[in-house]
1. Consider Ile26 against the criteria (1) open to solvent by 60 Å² or more (accessible area, probe 1.4 Å); (2) assigned to a helix (DSSP H, G or I); (3) at pLDDT below 95: it satisfies all of them except one. Which criterion is unmet?
2. Keeping to the range 90-104, report how many residues are under 26 Å from Glu53 (Cβ atoms), open to solvent by less than 60 Å² (accessible area, probe 1.4 Å) and part of a loop (DSSP other than H, G, I, E, B).
3. Have a look at Val51, Val42 and point out the one that is closer than 30 Å to Ser126 by Cβ and open to solvent by less than 20 Å² (accessible area, probe 1.4 Å).
4. Answer yes if at least one residue in the range 114-134 is aliphatic (A, V, I, L, M), open to solvent by 60 Å² or more (accessible area, probe 1.4 Å) and either at negative phi or over 16 Å from the mean Cα position of the chain (by Cα) (or both), and no otherwise.
5. What residue, of Ser126, Ser121, Ser105, is of a type in the set (S, T, N, Q), farther than 17 Å from Arg47 by Cα and in contact (Cβ under 8 Å) with a residue 60 or more places away in the chain?
6. Quick one: in the range 59-89, of everything that is assigned to a strand (DSSP E or B) and at pLDDT below 95, which residue is most open to solvent (accessible area, probe 1.4 Å)?
Amino acid sequence: MANVKLYGFDKLEKTIDKISIEFLKIQGESIYEGAKIVADAVKEEIRALPVDERNRPKDGMLHGVKKLQKIGLEHGLGIAPQQNDRGFENVKIGFDGYNMLKTKSNPKGQPNVKIARAVESGTSFSEKIPFVRNALKKSRNQAKKQMNKTFEIALEKLLK
């Protein structure tokens with residue numbers, strides 16, 4: 001009967017164990033690096049939003065946001081903690097909190113998410129300015145590249 005001996009599988013098994021333990025951490029770091037690039041692109045688009053201090057004009061439409069709304073959007077932008085959505089690891093980039101523009105209906109200030117939605121989609125009295133959509137288009141490929149780069153570097157360090 002033939003006898004076969006294979007060597008090196010102990011090292012391979014240790015390497016696979018090491019990767020499986022650290023994989024989620026590396027994956028999370030990579031996702032956040034991509035999310036940072038997208039969030040920075042959204043911030044740039046917020047800074048580029050035109051300022052229009054008029055109240056609901058009777059003639060024409062608003063084109064832009066008030067200065068306090070713009071500041072609120074920039075400060076309210078954030079990245080949510082990573083979560084697993086049916087097998088996909090995701091982070092969400094979005095708006096939280098209130099701006100400092102107080103109104104009768106919003107005595108704490110206007111919700112940033114509401115302002116972002118109104119600017120992105122437009123309203124009956126304001127033009128749409130798709131700043132989030134523009135940021136996603138501009139940053140998508142760069143974010144993917146950064147995620148791959150981060151993952152590869154972390155994996156190389158792990159395998160050394």
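The values are calculated or read from the model by the stated rules, or taken from the named source; none is laboratory data. Predicted, not measured: the structure shown is a model, and the values here were computed from it. Note that each Cβ is placed from the backbone with ideal geometry, even for glycine, and that neighbours are counted across all protein chains shown. In case anyone asks, the SASA skips ligands and DNA or RNA and just uses the protein heavy atoms, side chains included. Shrake-Rupley method; radii C 1.70, N 1.55, O 1.52, S 1.80 Å.
1. It is condition (1) that Ile26 fails.
2. Final tally of qualifying residues: 4.
3. Val42
4. no
5. Ser126
6. It comes out as Phe88.
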